[in-house]
Amino acid sequence: MSTQPDIDSSVLSDASVADYLRRHPDFFLRHDYLLTDLELPHDAKGAVSLIERQVAVLREQRQELKRKLQQLTQTARDNEHLLERIEQLILGLLEARGSEALLRRLRDGLREDFHADAVELKLFGTDSARERELFTRVIERGEPVCGHIAPPQAQYLFGKAADELASGAVIPLFAAESQQCLGVLGIGSIDPRRFHAEMGTTFLRYLGAVVARLLRPAASG
């Protein structure tokens, strides 16, 4: 024996909804999540009951949690795409032979996938005392520095192109065993917001460690 639906889904009126709720008084017990979407004034004078206020707070909390979930989801997608680009860059670096080929791979990868406008690799030799002094604070800090690059550093890294760059990152390259600074990797951008002091440097540290490891045979030779 077939049964007819309680409500004709093609025609919904206030009366039909009210009639359905009267015949199913436990509806909101079975679907209590809908209560946060209802607006029920306490009386005609605009007074707000405690329950109504609690419902309003719960609704606000739900919206905030939804917003945070959307942000986390977007961040996860962005991180996934970033990891994919990093993987492609690292694989390309592993195929490079020699510092010149390595620099070409770095330039191509960072410009195409990471929106860098200038990429330069400077290695320190035995007679590079003056150059090392330019980056004393970066070397002592032991990690990438982002933001406005000091003019002497920018000139050393990028030459004439330094005048067109508004922000950048300086990455010290340390030998894994001795922690000796082999040189620095400079990344510049014409966008003043591309690199800033508050940005995360996890990717830059990782990139610096990989480049330093790949440069180790050339540097030791």
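In the set (1) in the same structural domain as Cys146 (by TED's automatic domain parsing); (2) surrounded by 13 or more Cβ atoms within 10 Å (Cβ to Cβ); (3) at pLDDT below 90, His115 fails one condition alone, (2).
In region 100-119, the residue that is nearest to Leu204 (Cα to Cα) out of those that are small (Gly, Ala, Ser) and in a helix (DSSP H, G or I) is Gly109. Within this structure, Leu185 fails the test of being in the same structural domain as Ser128 (by TED's automatic domain parsing) and over 22 Å from the mean Cα position of the chain (by Cα). So which residues in region 163-191 are surrounded by fewer than 21 Cβ atoms within 10 Å (Cβ to Cβ) and free of Cβ contacts under 8 Å to residues at least 40 places away in the same chain? Residues satisfying the conditions are Asp163, Ala166, Phe174, Glu177, Ser178, Gln179, Gln180. So in region 146-160, with the set limited to residues that are closer than 21 Å to Arg130 by Cβ and of a type in the set (Gly, Ala, Ser), which one is surrounded by the fewest Cβ atoms within 10 Å (Cβ to Cβ)? Per the stated criteria, the residue is Gly159.
Inspection of region 120-128 finds a residue satisfying the criterion of being in a loop (DSSP other than H, G, I, E, B), aromatic (Phe, Trp, Tyr), under 14 Å from Leu185 (Cβ atoms) and in the same structural domain as Tyr206 (by TED's automatic domain parsing). Scanning region 129-150 for residues that are in a helix (DSSP H, G or I) and of a type in the set (Val, Ile, Thr) yields a count of 3.
The condition (being hydroxyl-bearing (Ser, Thr, Tyr) and touching a Ser or Thr at 6+ places or on another chain (Cβ under 6 Å)) is satisfied by just one residue among Ser167, Ser128: Ser167.
The values are calculated or read from the model by the stated rules, or taken from the named source; none is laboratory data. All figures in this text were calculated on a predicted structure; none of them were measured in a lab. Every residue, glycine as well, gets a Cβ built from its backbone with ideal geometry; the counts of neighbours run over all protein chains shown.
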